[in-house]
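The values are calculated or read from the model by the stated rules, or taken from the named source; none is laboratory data. Just so we're clear, the structure is a prediction, and the values are computed from it rather than from any experiment. Backbone-built Cβ (ideal geometry, glycine too); neighbour counts: all protein chains shown.
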Amino acid sequence: MNSVIPLKKSNKENRERRVLLALVDYYIQSGKPVGSATLKEVDIDDLSAATIRNYFARLDEEGYLIQQHSSGGRIPTDKAFRLYAHEQMILKTATPEINPILETLNSNESRAIATYLQSAAEELSRLTQSAVFLSAPRFDHDFITMIKLVAIDQTRCLCIIVTDFGVIKTEVIHIDQKLTAFAIKRFEDYFHWRLTGYNPPKNFEADEEILAQKIYNELIVRYIVAYSNFTDDEIYRTGFSKLIAYPEFHDASRLATSLSLFENSHSMRLLLKDCSTHNSLKFWIGDDLSPYAQQSPNCAILAIPYRINNQAVGAIGLLSSVRIPYGKLFGLLHTFSETISKEVTRTIYKFKIQYRHPNQQPFNLEQKEVYLLKQAEPLLLEDMRL
């Protein structure tokens, strides 16, 4: 939520606001409770420590600060962080030092647009030391380029499907026997032949070919069903381990609460969709996230849309501690969004890739016939360019 009730603008209230913002700023840097003497020394030298303490008392009553011990300093509440974040959003702090790093994201020369978005999310996670999640539309005219197998046990096999756009899907197939490494290699050769038309497998036994064809057909049908039944945006997530570096997440329960939110794809989609719908930078701090989680997470989420040809098609979100440099991250997100928007748009036009959003319409149970393969855009299973 970005709704913040601003403090009144008389001189006294302006000084109160200045004290609060200075305290939050110093707390973000230090992570320690802030006393009046410390704040006077580091930022507000034109006010006495006694005057600052009086402002502290008022801010306590208004719900912006808390004092854990009677003789200790103050800690900002979620309400204070919201006011601070709103102020930083208005300022739009520039981050010119980040621009050369993000220039590396301007060199995508392949159709693998999903791989590009995942790599961009990884880079953003590294730059911000935060967990990153990103939504994307469905990019059409994709096709399967590779199928790999991993034997799990006597009756199950993990199948990995890789597409030309860099999308990776996994399926578990039940079989009647455990596959040896030799059999897996031969089956993968068979899949490659079916997908490309090149290098047909040699000396294939009849029972081997029957099983390989059975697995191949099952995977293709599952892929078609999943591709056709497109009801949710794709979500890419990375960097949750970065949160361990923050002292706030050394508490296992706090980390688990944030993890449950990060792993909830439905909640992630709702947050990113809200951002895309408003077509603007948004933030949620602490209790703002209660509607999206079973417990109120002690974390912050920042999100910004990215665009194709100036139309919002998805959003990028950061999940981190509430004690983060909001102004710097807002500026970085603006630059990041502009960078990937430009690159994704260029890739779309260069390779003539079409995209679409999920079909949110419910199934019509009274419809007499439902065509499984009927869809608005063509579906390529194999590389027809060869």
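Things worth noting here:
- When residues of segment 93-117 are limited to those that are within 20 Å of the chain's Cα centre (by Cα) and under 22 Å from F283 (Cα atoms), the one modelled with the lowest pLDDT: I98
- Yes/no for Y236 being assigned to a helix (DSSP H, G or I) and crowded, with 16+ Cβ neighbours inside 10 Å: no
- Being under 30 Å from R18 (Cβ atoms), within 22 Å of the chain's Cα centre (by Cα) and surrounded by fewer than 18 Cβ atoms within 10 Å (Cβ to Cβ) is a condition met by at least one residue of segment 129-137.
A quick yes/no check of all residues on (1) free of Cβ contacts under 8 Å to residues at least 24 places away in the same chain; (2) outside the structural domain of F283 (by the TED database); (3) on the phi > 0 side of the Ramachandran plot; (4) of a type in the set (V, I, T):
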position	(1), (2), (3), (4)
I66	yes, yes, no, yes
G72	no, yes, no, no
F81	no, yes, no, no
N108	no, no, no, no
I113	no, no, no, yes
A120	no, no, no, no
Q129	no, no, yes, no
K148	no, yes, no, no
V162	yes, yes, no, yes
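- Taken together, L124, L117, L158, L149 contain a single residue that is buried (at least 17 other Cβ atoms within 10 Å of the Cβ), assigned to a strand (DSSP E or B) and among the aliphatic types (A, V, I, L, M), which is L149.
- Residues that are farther than 20 Å from Q68 by Cα and not β-branched (V, I, T), drawn from segment 29-44: K40, E41, D43
- Qualifying residue in segment 167-182 (condition: over 26 Å from I224 (Cα atoms), touching a strand residue (DSSP E or B) at 6+ places or on another chain (Cβ under 9 Å) and outside any loop (DSSP other than H, G, I, E, B)): yes
- Scanning segment 130-146 for residues that are in a loop (DSSP other than H, G, I, E, B) and in contact with a Gly (Cβ under 8 Å, 6 or more places away or on another chain) returns S130, P137.
- Look at (1) of a type in the set (G, A, S); (2) under 18 Å from F330 (Cβ atoms); (3) surrounded by fewer than 16 Cβ atoms within 10 Å (Cβ to Cβ) and you find that S110 fails only one, number (2).
- Qualifying residue in segment 285-298 (condition: of a type in the set (A, V, I, L, M), surrounded by 14 or more Cβ atoms within 10 Å (Cβ to Cβ) and modelled with pLDDT of 95 or more): yes
- Matching residues, segment 260-281, being of a type in the set (A, V, I, L, M, F, W, C) and surrounded by 14 or more Cβ atoms within 10 Å (Cβ to Cβ): L261, F262, M268, L271, L272, C275, L281
- Test result for R53, surrounded by 14 or more Cβ atoms within 10 Å (Cβ to Cβ), outside the structural domain of W284 (by the TED database) and of a type in the set (D, E, K, R): yes
Every residue, every condition in (1) farther than 30 Å from Y292 by Cα; (2) at pLDDT 90 or above; (3) not in a helix (DSSP H, G or I), yes or no:
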{"site": "I5", "(1), (2), (3)": "no, no, yes"}
{"site": "K9", "(1), (2), (3)": "yes, no, yes"}
{"site": "L23", "(1), (2), (3)": "no, yes, no"}
{"site": "K40", "(1), (2), (3)": "yes, yes, no"}
{"site": "N54", "(1), (2), (3)": "yes, yes, no"}
{"site": "G63", "(1), (2), (3)": "no, yes, yes"}
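- Residue in segment 359-380 that is in a helix (DSSP H, G or I), loosely packed, with under 13 Cβ neighbours inside 10 Å and either modelled with pLDDT of 90 or more or not aromatic (F, W, Y) (or both) present: no
- Contacts under 8 angstrom Cβ, first residue in segment 193-214 being more than 19 Å from I144 (Cβ to Cβ), partner among the charged types (D, E, K, R), 6 or more apart: F204/R186; E208/R186
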